[in-house]
1. I'm told Val669 meets every condition in (1) within 30 Å of Cys570 (Cα to Cα); (2) open to solvent by less than 50 Å² (accessible area, probe 1.4 Å); (3) at pLDDT below 85 except one. Can you identify the failing condition by its number?
2. Going through Gly482, Gly489 one at a time, which residue ends up being free of Cβ contacts under 8 Å to residues at least 24 places away in the same chain, open to solvent by less than 70 Å² (accessible area, probe 1.4 Å) and under 16 Å from Gln521 (Cα atoms)?
3. Take Ser366 and tell me if it is surrounded by fewer than 20 Cβ atoms within 10 Å (Cβ to Cβ), among the hydroxyl-bearing types (Ser, Thr, Tyr), within 26 Å of Gly116 (Cβ to Cβ) and at pLDDT below 75.
4. Do we have any residue at all in the range 212-220 that's modelled with pLDDT under 85 and buried (at least 24 other Cβ atoms within 10 Å of the Cβ)?
5. Quick check, is Leu261 under 21 Å from Ala183 (Cα atoms), touching a Gly at 6+ places or on another chain (Cβ under 8 Å) and surrounded by fewer than 24 Cβ atoms within 10 Å (Cβ to Cβ)?
6. Of the conditions (1) closer than 18 Å to Gln411 by Cα; (2) open to solvent by less than 50 Å² (accessible area, probe 1.4 Å); (3) in contact with a Leu (Cβ under 9 Å, 6 or more places away or on another chain), Thr641 fails just one. Which one is it?
7. Out of the range 393-419, which residues are over 24 Å from Cys675 (Cα atoms) and in contact (Cβ under 8 Å) with a residue 60 or more places away in the chain?
8. Just to be sure I understand, how many residues within the range 430-447 are surrounded by fewer than 17 Cβ atoms within 10 Å (Cβ to Cβ) and not hydrophobic (A, V, I, L, M, F, W, C)?
Amino acid sequence: MKGGRGIENPAFVASSPDTPRRSTASPSSVEASVLAANTQRADSQPPENQELQKSPEPPLPSATGPGSPERPGPESGSEFEEGPCGWGTFQPACLQRCNTPQGFLLHYCLLALTQGIVVNGLVNISISTIEKRYEMKSSLTGLISSSYDISFCLLSLFVSFIGERGHKPRWLAFASFMIGLGALVFSLPKFFSGKYELGSLLEDTCLTRNRTGCTSSSSSLSSYLYVFILGQLLLGTGGTPLYTLGTAFIDDSVPTHKSSLYIGIGYAMSILGPAIGYVLGGQLLTLYIDVGMGQRIDITEDDPRWLGAWWIGFLVSWLFAWSLILPFSCFPKHLPGTAKIHEGKTCQTHQSKSSLQQTDQNFGKSFKDFPAALKNLMRNTVFMCLVVSTSSEALITTGFATFLPKFIENQFGLSSSFAATLGGAVLIPGAALGQILGGVLVSKFKMTCKNIMKFALLSSVCALVLSFVFLYASCENEPFAGVSESYNGTGALGNLTAPCNADCNCMRSYYYPLCGGDGVQYFSPCFAGCKSSVSKRQPKVYYNCSCIARKIEISPTAASSRFEARAGKCETRCTNLPIFLGIFFTAIIFTFMSGTPITVAILRCVNQRQRSLALGIQFMLLRLLGTIPGPIIFGVTIDSTCILWDINECGIKGACWIYDNIKMARMLVTISVICKVITICFNGLAVFLYKPPPEGADVTFRSQNSVVTTVSVECDLNKSRN
């Protein structure tokens, strides 16, 4: 020892004394106490641990993320390289106001908002337009939607492991670049596919026409599929650091009791993103696809040939994402005060026998340590229980996010657009409110790791009880000609064709619901036998329909108040919609109320140096077990309730037109209950298995300079020191 300077250790030797960034070193008293604690424990430790402690520790190299390498501070004994906000020697005073957790959170929220707008908003609302414009099947557009999750799964483990010791804000600058690039690439097919050519208008009334044969055509436009997939892969590459390294950086920079609040706000913004994306995309789809090209068109949005300007939103998102690259690149590796915050944090890592293996100081800095680090986390039973519970919740939430509008549309007889609006009005605010509320409650009551898991367990139980609302909302199907009702006593159930429309040669692939004056719903004006219509009235009305009970010849004039049928579905007799939406909104709040607490519990129950990798594992399994199979399972389940399929001239089955409402409600309740029970079981198992550090010990992270990757040894070292 040298006076008051502490222990001479190669790990604490300064490598660059003239650096502009300030590194916070541990006080000499802490170093001395750590040495004393190690001496006291020497007699009781196994021989291999004694030999490991006696061996000198190699110096710590500086690991950074994308960008120029970070220069270590004058006392590299501390891993917290705090510094001012800026680029090199250019450090304006005005930027230092943003060099706080609040400033970083603001930019994190903007990037999460942009990512949500593009991935879960604009992409989803543009899929149907892309299908029509580039002549793709639904299975191909489904591959486009899944490409984001595939990219995220492939990269999450590696990015989180490599970026843990790197410069996390620069990783987020890289994420901003990739999200912007992905949005730009996704919009490129619009500029290389030429102008959109209008086809001929399809007549929807009963006309004597020759039946079209089975024809198959292939178009070169479908080759743009690979461009859309590339855009989604780039978006997934950008989303990976955002939700792994970004979340870990926020947890680094704030006290323990505030971490849940900050993370909850960030996650809430990522949920609000899809809502803004749907609103923005919906407004842009009211513009013609070739807007700005000087092309004059004579069709309106009601025309089936209309295609909207789906690509504009992606260009706006590209510019906004790239505008965040500079702000993220100016943040230091650690915000000022990070070291002081870590001195006051209490270790809550799960104590288990599998974590008693001690490793050297450089563990995790080489990619060769990746298998060992992965194995260490996978053997953490509490962590794995929490991951399975979040995956089960993700399966439900993604399934309902995809198919809730379809459920509302069929149960309550609403239009697709209005059902989607109601679904978004319930899901988005409820999810955002649940994330924020969960974070606020955990922060307000300063819950420990075990209490956080108990809180999440209680929220899941409440959500399970409320999920039975689907049984209350189930309504019987309205009368449908050819499905549940006959055509005035003619025809057979299950067959849309009857003697009254046999000469019309109607197409079963053209679904345009019609409500007759007799209160029966018809598949289309053609199947209702309607020969004339007036389009000036809203909704469009039809006359002289041979399949509807009224047999009076009516002159098709706009002033006539009498008509035989009107466009749209018949009004439903189900009046439970307001109560259903209210209860389901509450269920969504309780479901997402456990989201932020579970993330915080994962950050607490694993090694301090493996938090980013833990989040990477969580998001990878969450997608493999939740978000990817969720829509598939819900889709297969809902399709099993179909009673009328779209079958084209070639006999190929397409989409489902009519569902059995009662059966659909029961199937959705079954899925919800099964997933909720899995969530509750694994949450309860995590609470039961969790073993906190011994009570009464002031276990902190102040001895992080003497690195041990296994958490229980790290906590015991701190306890002995105190």
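1. (3)
2. Working: Gly482 fails: free of Cβ contacts under 8 Å to residues at least 24 places away in the same chain.
Within the list Gly482, Gly489, the selection yields Gly489.
3. Values: surrounded by fewer than 20 Cβ atoms within 10 Å (Cβ to Cβ): yes; among the hydroxyl-bearing types (Ser, Thr, Tyr): yes; within 26 Å of Gly116 (Cβ to Cβ): no; at pLDDT below 75: yes.
Answer is no for this residue.
4. If we filter the range 212-220 for residues that are modelled with pLDDT under 85, which is where we start, we get 212-220.
Now drop any that are not buried (at least 24 other Cβ atoms within 10 Å of the Cβ), which leaves none.
There is no residue in the range 212-220 that is modelled with pLDDT under 85 and buried (at least 24 other Cβ atoms within 10 Å of the Cβ).
5. Working: under 21 Å from Ala183 (Cα atoms): no; touching a Gly at 6+ places or on another chain (Cβ under 8 Å): yes; surrounded by fewer than 24 Cβ atoms within 10 Å (Cβ to Cβ): yes.
For Leu261, the condition - under 21 Å from Ala183 (Cα atoms), touching a Gly at 6+ places or on another chain (Cβ under 8 Å) and surrounded by fewer than 24 Cβ atoms within 10 Å (Cβ to Cβ) - is not met.
6. Single failed check for Thr641: (3).
7. The answer is Phe412, Gly413, Leu414, Ser415.
8. Step one: list which residues in the range 430-447 are surrounded by fewer than 17 Cβ atoms within 10 Å (Cβ to Cβ), which gives 440, 444-446.
Imposing the further condition that a residue be not hydrophobic (A, V, I, L, M, F, W, C) reduces the set to 444, 446.
So the count comes out to 2.
The values are calculated or read from the model by the stated rules, or taken from the named source; none is laboratory data. What you see is a predicted model, and the numbers here were worked out from it, not measured in a lab. Virtual Cβ from ideal backbone geometry, glycine too; neighbours counted across all protein chains shown. Note: accessible area is taken over every heavy atom of the protein model, side chains too, but ligands, DNA and RNA are not part of it. Shrake-Rupley method; radii C 1.70, N 1.55, O 1.52, S 1.80 Å.
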